[in-house]
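**Student:** This structure is in structure tokens; I'll ask about it shortly.
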Amino acid sequence: MSLLIPLYVHPAVDPDAWHRLIEAADRTYAVVLNPADGPGEAPDPAFVSAADALRAAGARLLGYVDTDYGVRPGADVLADAARHREWYATDGCFLDRVSAAGDALPAYRKLVRALRRRGESPVVLNPGVHPAPGYARIADLLVTFEGPWSAYVSAFSRPDWTARCSPDRLCHLVYGVPEALAPLAVRTAHERGAAVSGPVTGELPNPWARLTPVLSGAGR
């Protein structure tokens, strides 16, 4: 099973979720660390400990970095990625709020090249929708759906270019999934060409405050 895990809750607030995540680290594609909508202003000791434990358990770690749909300066994005790497020894980065527009692609291509030169791997791009097809060529993993289970079931469609992508390069992040249906959400992602997924039961404004039940017991 290949799961991308954005667990956006502090380890001191829900230590049990983090403990279960550490125990199931070998079932993940990667874990996204997000101490403060990014790395924050200084290292967080609780996240340092969690990162150490996850790494020891075999997890790959990604630092959360907001790109504000291409509006945020590249230098700020690179600085956040560097802080994650210095403070939490992340392997790569999870670029969130990525533009889906073709005219933003050159700037993202330049940004991804700069991240790779600094040793960031993998680089995950999250536009949350199907972007212009060129984004698939610059990302190690491309999130082409982020939204509620209701929309995933009733309104999902995919462009023809996704059929030419290797499934292990595509990811679907689905929230509001009934707990008993979390394994079905994983299977549905596979059927729709995404080998990586991350179904959670949580709802907005922060669906990622809960661990996916696929890791926490349901579906085993």
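**Student:** If the requirement is being open to solvent by 60 Å² or more (accessible area, probe 1.4 Å) and of a type in the set (Lys, Arg), which of these qualifies: Arg27, Arg20? It would help to see each step written out before you state the result.
**Tutor:** Numbers: Arg27 fails: open to solvent by 60 Å² or more (accessible area, probe 1.4 Å).
Answer to the selection: Arg20.
**Student:** Can you name the residue in region 92-112 that is part of a helix (DSSP H, G or I) and not aliphatic (A, V, I, L, M) and is also surrounded by the most Cβ atoms within 10 Å (Cβ to Cβ) among such residues?
**Tutor:** First pass over region 92-112, keeping only residues part of a helix (DSSP H, G or I): 102-112.
Those left that are additionally not aliphatic (A, V, I, L, M): 102-103, 106, 108-110.
On the way: Gly102: 12, Asp103: 9, Pro106: 10, Tyr108: 26, Arg109: 14, Lys110: 12.
Among those that are part of a helix (DSSP H, G or I) and not aliphatic (A, V, I, L, M), it is Tyr108.
**Student:** Then there is this: Can you confirm whether Val123 is touching a residue at least 12 places away in the same chain (Cβ under 8 Å), open to solvent by 60 Å² or more (accessible area, probe 1.4 Å), in contact with a strand residue (DSSP E or B) (Cβ under 7 Å, 6 or more places away or on another chain) and closer than 18 Å to Leu105 by Cα?
**Tutor:** On the way: touching a residue at least 12 places away in the same chain (Cβ under 8 Å): yes; open to solvent by 60 Å² or more (accessible area, probe 1.4 Å): no; in contact with a strand residue (DSSP E or B) (Cβ under 7 Å, 6 or more places away or on another chain): yes; closer than 18 Å to Leu105 by Cα: yes.
So Val123 fails the test.
**Student:** With respect to Ala36, is the statement that it is open to solvent by 40 Å² or more (accessible area, probe 1.4 Å), closer than 17 Å to Glu86 by Cα, within 17 Å of the chain's Cα centre (by Cα) and not basic (Lys, Arg) true? Spell out how you get there, then give the answer.
**Tutor:** Numbers: open to solvent by 40 Å² or more (accessible area, probe 1.4 Å): yes; closer than 17 Å to Glu86 by Cα: yes; within 17 Å of the chain's Cα centre (by Cα): yes; not basic (Lys, Arg): yes.
Yes; evaluated as a whole, the condition is true for this residue.
**Student:** When you check Thr212 against the structure, is it farther than 30 Å from Ala12 by Cα and touching a Gly at 6+ places or on another chain (Cβ under 7 Å), yes or no? Explain how you work it out, then say what you get.
**Tutor:** On the way: farther than 30 Å from Ala12 by Cα: no; touching a Gly at 6+ places or on another chain (Cβ under 7 Å): yes.
No; evaluated as a whole, the condition is false for this residue.
**Student:** Tally the residues that are surrounded by 15 or more Cβ atoms within 10 Å (Cβ to Cβ) and small (Gly, Ala, Ser), restricting the search to region 47-88.
**Tutor:** Total satisfying the criteria: 10.
**Student:** Let me ask something else about it. When both residues are 6+ apart or on different chains and their Cβ atoms are under 6 Å apart, which pairs have a first residue that lies in region 158-186 and is closer than 26 Å to Pro213 by Cα and free of Cβ contacts under 8 Å to residues at least 40 places away in the same chain, and a second that is assigned to a loop (DSSP other than H, G, I, E, B) and of a type in the set (A, V, I, L, M, F, W, C)?
**Tutor:** Cβ pairs passing all conditions: Pro167/Ala195; Leu170/Ala194; His172/Ala194; Tyr175/Val200; Glu179/Ala218; Ala182/Ala218; Ala185/Val177.
**Student:** Consider region 164-195. How many of its residues are over 16 Å from Thr28 (Cα atoms), out of contact with any Gly (no Cβ under 8 Å at 6 or more places or on another chain) and not small (Gly, Ala, Ser)?
**Tutor:** Qualifying residue count, region 164-195: 9.
**Student:** Looking at Leu215, Leu170, Leu115, Leu211, which one is open to solvent by less than 30 Å² (accessible area, probe 1.4 Å), modelled with pLDDT under 95 and of a type outside the set (D, E, K, R)? Before you say what the answer is, go through the steps one by one.
**Tutor:** Values: Leu170 fails: modelled with pLDDT under 95; Leu115 fails: modelled with pLDDT under 95; Leu211 fails: modelled with pLDDT under 95.
Testing whether each residue is open to solvent by less than 30 Å² (accessible area, probe 1.4 Å), modelled with pLDDT under 95 and of a type outside the set (D, E, K, R) leaves just Leu215.
**Student:** Among the residues of region 187-214, which ones are part of a helix (DSSP H, G or I) and either among the hydroxyl-bearing types (Ser, Thr, Tyr) or free of Cβ contacts under 8 Å to residues at least 40 places away in the same chain (or both)?
**Tutor:** So in region 187-214, the residues part of a helix (DSSP H, G or I) come out as 187-191, 207-209, 213-214.
Those that are part of a helix (DSSP H, G or I) and either among the hydroxyl-bearing types (Ser, Thr, Tyr) or free of Cβ contacts under 8 Å to residues at least 40 places away in the same chain (or both): Arg187, Thr188, Ala189, His190, Glu191, Pro207, Pro213.
**Student:** Scan region 43-67 and report the pairs whose first residue is touching a residue at least 40 places away in the same chain (Cβ under 8 Å) and whose second residue is in a loop (DSSP other than H, G, I, E, B) and among the β-branched types (Val, Ile, Thr), with Cβ atoms within less than 7 Å and a gap of 6+ or a chain change.
**Tutor:** Qualifying pairs under 7 Å: Leu62/Thr90; Thr67/Val98.
The values are calculated or read from the model by the stated rules, or taken from the named source; none is laboratory data. Since we're looking at a predicted model, the values are computed, not measured. Positions of Cβ are generated from backbone atoms using ideal geometry, with glycine treated the same way; all protein chains shown enter the neighbour counts. We work out accessible area using only protein heavy atoms, side chains counted, and drop any ligands, DNA or RNA first. Shrake-Rupley method; radii C 1.70, N 1.55, O 1.52, S 1.80 Å.
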